[in-house]
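The values are calculated or read from the model by the stated rules, or taken from the named source; none is laboratory data. Just so it is clear, the model here is predicted, and its values are computed rather than measured. Positions of Cβ are generated from backbone atoms using ideal geometry, with glycine treated the same way; all protein chains shown enter the neighbour counts. For the accessible areas, the whole protein counts, side chains as well, though only heavy atoms, and no ligand, DNA or RNA atoms are used. Shrake-Rupley method; radii C 1.70, N 1.55, O 1.52, S 1.80 Å.
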Amino acid sequence: MAKPSTSLLKRRLDIAEIVRKNGEIKVDDLAEMLAVSGVTIRNDLNYLEQQGYLKRSFGGAIYTAQPVRASVTQDMSRVQEWDRSGELELAKQVARLVADEDSLFLGAGVVPRKALPFLGESRELCLAFNDLGHVATARDYIDGEIVLLGGTLDRSGQRLEGEIAIQSIQRFQPTCSVVMIEHVSEDGTLSVASESAAVILAESLRLSQRCVAVIAQRPDYGEARYPVGKLSALSAVVTPQIVAAEYHSRFIAVGLTNSYTNNECLTWINPALHPAR
């Protein structure tokens, strides 16, 4: 018997989590949140009911508390494998949002780094970053100007930060920034777990004409967070399906619209801030 695809397992885990958080939810709402058909959702709910994760109701599903199963651990392992491979798809979508001749600040992190080969197709790109891990890939793929911001090394020895880094990005004056964000609060505040990183990201958001945020993971609600800016100030957001389900209502509330969807990720655009291509 063929194994179900990783995207199928991931969506079903998403549904189980959404039902758990809401207590009860309708098929139509799940279909909108996960960008699939009602028929697909009903099939998923039937499967999850058979496995004991929830109970079907008229037009939806109800959460039923169950003990943790070994199958959940196995499914989560597959989800983690997806997270690694799915980063490439996120990176492709990031690159689509960068324009020719941009002065681009590329924030630290794996997804921005994986976007570099795709950014090699951009004409007359001027690129600045503070992540030393970007250096080798940028040299291989970026034909335009490359600027490594000054500053002091953080504890990891990977990123440049501090007052000199802030002054460097102010001199660079990015037209566009790509940043990794770790959490969006109910009032639309963007935040990350590192205080020093938050300062640099906040300045890039303040200076940029357009800012693209990658939100690659569900939030850890136990973490301390430091604010970067507001969701309403972003020109675009790129998320995996699982994160889109988490933040769907917050995206809609600030006027973000879903401009691209596939089985792995979604791109959200603020039409007032992101120019039509």
Report, ordered by the first and then the second residue, all pairs with beta carbons closer than 6 Å, sequence separation of six or more or different chains, a first member in region 176-195 that is over 28 Å from Cys126 (Cβ atoms), and a second member that is β-branched (Val, Ile, Thr) and open to solvent by 30 Å² or more (accessible area, probe 1.4 Å).
Gly188/Val254
Between Gly150, Gly133, which is open to solvent by 20 Å² or more (accessible area, probe 1.4 Å), in contact with a helix residue (DSSP H, G or I) (Cβ under 9 Å, 6 or more places away or on another chain) and either part of a loop (DSSP other than H, G, I, E, B) or at pLDDT 95 or above (or both)?
Gly150
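Give the number of residues within region 209-230 that are out of contact with any helix residue (DSSP H, G or I) (no Cβ under 9 Å at 6 or more places or on another chain) and of a type in the set (Gly, Ala, Ser). If you could, list the steps in order and put the result at the bottom.
Looking only at region 209-230, we keep the residues that are out of contact with any helix residue (DSSP H, G or I) (no Cβ under 9 Å at 6 or more places or on another chain), and these are 209-210, 220-223.
Filter once more, so that each one left must be of a type in the set (Gly, Ala, Ser): 222.
Residues that pass the stated criteria total 1.
Considering only region 181-200, state which residues are part of a strand (DSSP E or B) and crowded, with 19+ Cβ neighbours inside 10 Å.
Residues satisfying the conditions are His183, Val184, Leu190, Ser191, Val192.
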Surrounded by fewer than 16 Cβ atoms within 10 Å (Cβ to Cβ) and touching a Cys at 6+ places or on another chain (Cβ under 7 Å): which single residue out of Glu145, Glu163, Glu121 fits that description?
Glu145
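Taking the stated definitions as given, is Val72 modelled with pLDDT of 60 or more, part of a helix (DSSP H, G or I) and of a type in the set (Val, Ile, Thr)? Outline the logic, then answer.
On the way: modelled with pLDDT of 60 or more: no; part of a helix (DSSP H, G or I): yes; of a type in the set (Val, Ile, Thr): yes.
Spelling it out, it is not the case that Val72 is modelled with pLDDT of 60 or more, part of a helix (DSSP H, G or I) and of a type in the set (Val, Ile, Thr).
Filtering region 201-214 down to residues that are part of a helix (DSSP H, G or I) and of a type outside the set (Lys, Arg), which residue is surrounded by the fewest Cβ atoms within 10 Å (Cβ to Cβ)?
Looking at residues that are part of a helix (DSSP H, G or I) and of a type outside the set (Lys, Arg), I get Leu207.
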Of all residues making up region 7-26, the number that are open to solvent by less than 50 Å² (accessible area, probe 1.4 Å) and not in a helix (DSSP H, G or I):
2
